[in-house]
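Novice: Mind having a look at this structure? Questions to follow.
Readers should treat all values here as calculations from the given coordinates under stated rules, not as data from a laboratory. Here the structure is a predicted model, which is why all the values come from computation and not from measurement. All Cβ positions, glycine included, derive from the backbone under ideal geometry; neighbour counts span all protein chains shown.
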Amino acid sequence: MGDNITNVIEAKDLSLTFKTNDGPVHALSDINLDVGEGEFVSFIGPSGCGKTTLLRVIADLETPTAGDIMVDGLSAREARLARAYGYVFQAAALYPWRTIARNVELPLEVMGLDKAERQARIKKNLELVDLAGFEGKFPWQLSGGMQQRASIARALAVDPDILLMDEPFGALDEIVRDHLNEQLLKLWNKTKKTVVFVTHSIPEAVFLSTRIVVMSPRPGRIHDIIDSDLPRDRTLDIRETPEFLELSHRVREGLREGHSYD
Amino acid sequence: MTDGLVVTSPVPSSRLKDGYSRTMPVVVVTAVIIAVWYLATIFLNTPFQKDIYLRGNNTSWTTSQLISDTMSQKRPVLPAPHQVIAEIYKTTVLKKITSKRSLIYHSWVTLSSTLVGFLIGSVLGILLAVGIVHSRTLDKSLMPWIISSQTIPILAVAPMIIVVLNAIGIQGLLPKAFISTYLSFFPITVGMVKGLRSPRVLHLDLMHTYSATRWQVFWKLRWPSSLPYLFASMKIAIAIAMVGAIVGELPTGAVAGLGARLLAGSYYGQTIQIWSALVMAAFLAGSLVALVGIANNYVNKRMGVTS
């Protein structure tokens with residue numbers, strides 16, 4: 001791999017075709033993408049463009065039908081077994097019978113860590129997402145935004161190199177979403193993780209990312225990759241700047257080109 | 001972080017009203033049942049009572065006398081509730097527990113084989129469900145047999161089980177318990193297959209991202225997800241385990257147990273004895289179901305389930 005050492009994710013000619021009763025569905029077609037260490041990459045596109053599928057391929061939740069995928073220098077499967085990534089789903093997916101602390105503890109139990117280590121990681125990661133004091137609460141006692149923060153703490157507790165996030169704030173209202181976006185950027189700056197983030201919100205993608213991957217459907221493919229030169233340290237105010245609007249415009253154009261409204 | 005308020009459970013407006021609204025329907029239904037029972041007693045026992053009057057050349061009976069006489073026959077077609085209660089009182093409080101005439105003794109005989117059968121049935125039911133959920137082969141090969149096992153009338157199978165087990169030297173409590181097991185494992189298996197398959201795809205995917213073993217997925221996800229189904233199944237299973245134990249007592253020559261009381265009662269036309277055994281069986285079954293309910297509530301509370 002030599003000079004590619006800083007690439008945390010490499011996809012080469014990746015394709016995934018689902019066989020359905022209505023014939024094959026080309027969920028992903030000829031995906032080529034490198035994600036460098038410490039990057040924040042967003043996949044954006046309309047429904048059916050394969051953005052979630054691509055994330056699931058990286059996570060070894062789907063197996064590509066052609067091409068190669070490398071995660072953290074390993075195959076996707078090996079990376080999963082090495083617990084190289086933490087996955088945050090669209091819904092918080094907290095286990096309702098576990099308290100918040102016990103939910104964060106879940107992956108740590110699976111990893112077989114000892115109790116002291118588990119407790120230390122629970123404390124650290126709940127503090128990181130500002131949920132200290134909610135250890136003993138059950139998920140239903142928390143708001144949607146807090147639940148999703150708990151699920152981020154759970155993903156981070158594994159201490160993975162990569163954070164894979166599948167529209168984590170899609171179900172939340174815009175005010176909460178803005179707030180969590182800001183929190184997530186701080187978290188990213190603090191932890192230096194590589195983040196791959198799926199969204200269908202243009203402002204969210206532009207605000208968060210160092211690179212925006214614009215995808216288009218039928219077959220699911222990468223239409224454009226847009227580099228952002230916005231500073232790493234951003235606040236929500238940046239959304240009023242011409243640079244931000246320019247980037248948003250490019251993403252919107254890319255989405256329009258790649259999508260046929262028929 | 002202030003993006004959400006902590007939700008607290010609503011405080012009931014009045015505990016008193018809550019308790020009232022809970023007990024009231026039960027009281028009303030019980031009163032209706034007892035009233036209907038008394039009416040049926042009068043109606044069903046009248047022909048025989050008139051027969052007695054006729055044979056005794058008693059022609060001067062009044063309606064009120066008839067009504068009171070229908071409720072004090074020795075072997076009525078349908079005993080009145082107070083006759084049954086008097087019989088239960090006589091055979092529980094007034095008899096020593098060690099006596100063969102004590103209803104508590106007979107209840108205990110039935111209860112013990114019910115509980116043993118239910119426990120074996122629960123374990124068997126859960127094990128079968130675990131096997132079925134984890135193996136396609138077991139799913140395909142076992143399920144038809146499990147279902148057909150329940151299509152055979154238990155009354156036909158029970159004597160066979162008793163006889164076969166007796167032939168290999170198993171006697172006493174276990175054969176009856178096995179009949180309870182035979183009936184009670186089924187709802188547990190069906191419920192648990194559904195319960196163990198109930199986790200959402202998202203929750204399973206999460207475990208997959210942790211590279212959890214099947215064992216870990218089972219204990220940390222499938223098992224807790226299945227508990228509501230387990231308790232619902234156990235409520236059915238424990239009630240029919242009692243039916244199994246009673247049925248199992250019928251072909252054993254009416255030695256002991258509520259089933260034996262039923263059989264002996266019907267041999268000698270002791271309808272009051274039959275009904276007192278029936279009421280006792282209903283009471284025991286109801287109590288057992290309530291116990292499962294209490295266990296369910298305890299587990300729910302620990303698992304943070306509301307309402």
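Novice: Rank the residues A:Asp229, A:Asp130, A:Asp60, B:Asp139 as a footprinting-exposure proxy: fewest other Cβ atoms within 10 Å of their Cβ go first.
Specialist: A:Asp229, B:Asp139, A:Asp130, A:Asp60
Novice: Next up: Rounded to the nearest 20 Debye, what is the dipole magnitude of segment B:103-302 about its Cα centre when Lys and Arg each give +1 and Asp and Glu each give -1 at the C-beta?
Specialist: 660
Novice: How high is the relative contact order of chain B, in percent, with contacts defined as C-alpha pairs under 8 Å that are six or more residues apart?
Specialist: The value is 20 percent.
Novice: Over segment B:110-252, what is the mean sequence separation of C-alpha contacts under 8 Å (at least six apart), divided by residue count, expressed as relative contact order in percent?
Specialist: Dividing the mean separation by the residue count of segment B:110-252 yields 41 percent.
Novice: If you average the C-alpha positions of segment B:188-207 and of segment A:79-106 separately, how far apart do those two centres end up, in angstrom?
Specialist: When both Cα centres are located, 17 Å separates them.
Novice: Give, in nm to one decimal, the length gained when the segment between A:Thr6 and A:Glu257 is fully stretched (0.36 nm per residue of separation minus the Cα-Cα distance).
Specialist: 87.2 nm
Novice: Given a Förster distance of 41 angstrom, what is the FRET efficiency for B:Lys100 paired with B:Ala290, based on the Cβ-Cβ distance and rounded to 0.05?
Specialist: That gives a FRET efficiency of 0.90.
Novice: What dipole magnitude, in Debye to the nearest 20, does segment A:97-159 give about its Cα centre under +1 on Lys/Arg Cβ and -1 on Asp/Glu Cβ?
Specialist: 140
Novice: Sticking with this structure for a sec: Test of understanding: in a Gaussian network model of chain B with alpha carbons linked when under 10 Å, which of B:Ser64, B:Ser225, B:Ser21 would top the mean-square fluctuation ranking?
Specialist: B:Ser21
Novice: Could you work out the helix-only [θ] at 222 nm for chain B, with each DSSP H run of four or more residues adding -39,500 (n - 2.57) and the total divided by the number of residues, to the nearest 500 deg cm²/dmol?
Specialist: Computed mean residue ellipticity for chain B: -25000 deg cm²/dmol.
Novice: Report the FRET efficiency, 1/(1 + (r/R0)^6), for A:Gln119 and B:Val29, where r is their Cβ-Cβ distance and R0 is 51 Å, rounded to 0.05.
Specialist: For R0 = 51 Å, the calculated efficiency reads 0.45.
Novice: While we're here: For the residue pair A:Glu240 and B:Thr46, what label-to-label distance in nm results when each label sits 7 Å from Cα along the Cα-to-beta-carbon direction?
Specialist: About 9.2 nm, to one decimal.
Novice: Something else about it: I'm a student and want to see the number: the projected area of the Cα convex hull of the protein assembly as shown, averaged over all directions, in nm².
Specialist: 39.0
Novice: Between segment A:195-262 and segment A:155-178, how many Å separate their Cα centres?
Specialist: When both Cα centres are located, 17 Å separates them.
Novice: Ok, one more. For segment B:15-78, what number results from the quotient of the Cα radius of gyration and 2.2 N^0.38 Å?
Specialist: Normalised by 2.2 N^0.38 Å, the Cα Rg of segment B:15-78 equals 1.67.
Novice: Counting pairwise Cα distances across chain A, what percent come out greater than 25 angstrom?
Specialist: Roughly 45 percent, rounded to a whole number.
Novice: Rg(Cα) of chain B divided by 2.2 N^0.38 Å?
Specialist: The reported ratio for this selection is 1.31.
Novice: Relative contact order for chain A: what percent, with Cα pairs under 8 Å and sequence separation of 6 or more?
Specialist: Here the relative contact order equals 25 percent.
Novice: Something else now. In the neighborhood of B:Asn300, defined by Cβ-to-Cβ distances under 15 Å, what is the net charge if each Lys or Arg adds +1 and each Asp or Glu adds -1?
Specialist: Result for the local shell: +4.
Novice: So, R0 is 30 Å and r is the distance between the beta-carbons of B:Leu278 and B:Leu54; what FRET efficiency does that work out to, to 0.05?
Specialist: 0.45
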